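Q: Have a look at this one before I ask anything.
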């Protein structure tokens, strides 16, 4: 286990939607070419325990826009975190902000982005599934307190099952 990636879950903060709107406004100023800027992750689901981190997907018109958007984010102090998921999703972290922000750049039509929205929207529409997810997160956070990578990996089956249900339209 690596203690450099601890798992910190906090109760839902009703301020998170306003934080997202403030961040989104700033990002739109910097990246006017963005097709959408979406609040994703657990902080986007009312009542959900979460890491105190606002996750945001920025959808760009095409892959060709990623380099310029990357330069803008780097100039604004975001730390690059690489191409995630082998799916043309570039991650950036802003630790200096409160709350912290993790921003992802992806091109239009990106599958990871589609799945994230499907997962978020399904949990919002199905409180019983959201409760199951919260319970799973609590168990995994206790089991992998100092290993965020394993914590995330162990959620994969649940997340995949929800995305599959969401994309098939199954309640």
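Q: Rounded to whole Å and sorted largest first, what semi-axes of the equivalent ellipsoid does the C-alpha gyration tensor of the chain yield via the square root of 5 times each eigenvalue?
A: Working: eigenvalues 125, 72, 50 Å².
The equivalent ellipsoid of the chain has semi-axes of 25, 19, 16 Å.
Q: In degrees from 0 to 90, rounded to the nearest 10, what is the angle of the helix 148-168 Cα long axis to the longest principal axis of the chain?
A: 90 degrees
Q: Provide the gained length on full extension for the span residue 114 to residue 10, in nm with one decimal, where the gain is 0.36 nm per separating residue minus the Cα-Cα distance. Please report the intermediate quantities before stating the final value.
A: Numbers: separation 104, 0.36 × 104 = 37.44 nm, distance 2.62 nm.
Going from the current span to full extension adds 34.8 nm.
Q: Report, to the nearest 10°, how far helix 66-75 tilts away from the longest principal axis of the Cα atoms in the chain, using its own Cα long axis and a range of 0 to 90°.
A: In the chain, helix 66-75 runs at an angle near 90 degrees to the longest axis.
Q: Still on this structure, please answer the following. Pull out a ≥ b ≥ c, the square roots of the eigenvalues of the alpha-carbon gyration tensor of segment 77-131, then state rounded if a/c is under 1.5, prolate if not and a/b is larger than b/c, and oblate in the remaining case.
A: Numbers: a/c = 3.13, a/b = 1.39, b/c = 2.24.
Because a/c hits 1.5 or more and a/b fails to exceed b/c, segment 77-131 counts as oblate.
Q: Just to confirm the number: angle between the C-alpha axis of helix 111-125 and the first principal axis of the chain, 0 to 90 degrees, nearest 10?
A: Taking the Cα atoms of the chain, the angle to 111-125 is about 50 degrees.
Q: Let me ask you something else. Would you please give the FRET efficiency between residue 22 and residue 70, computed as 1/(1 + (r/R0)^6) with r the Cβ-Cβ distance and R0 = 22 Å, to the nearest 0.05?
A: Values: r = 22 Å, r/R0 = 1.01.
After rounding to 0.05, the efficiency reads 0.50.
Q: Per the helix-only calculation at 222 nm, which mean residue ellipticity applies to the chain, given -39500 (n - 2.57) for every DSSP H run of n ≥ 4 and division by its residues, nearest 500 deg cm²/dmol? Spell out each step's value before the answer.
A: On the way: 5 runs with 78 residues, N = 171.
Calculated at 222 nm, the ellipticity per residue is -15000 deg cm²/dmol.
Q: Given R₀ = 25 Å, what would the calculated FRET efficiency be for residue 165 paired with residue 83, taking r from the Cβ atoms and rounding to 0.05? Mind showing how you got there, number by number?
A: Details: r = 28 Å, r/R0 = 1.11.
My answer for the efficiency is 0.35.
Bear in mind that the values in this text are calculations on the coordinates, not laboratory data. Predicted model only: the values in this text are computed from it and were never measured. All Cβ positions, glycine included, derive from the backbone under ideal geometry; neighbour counts span all protein chains shown.
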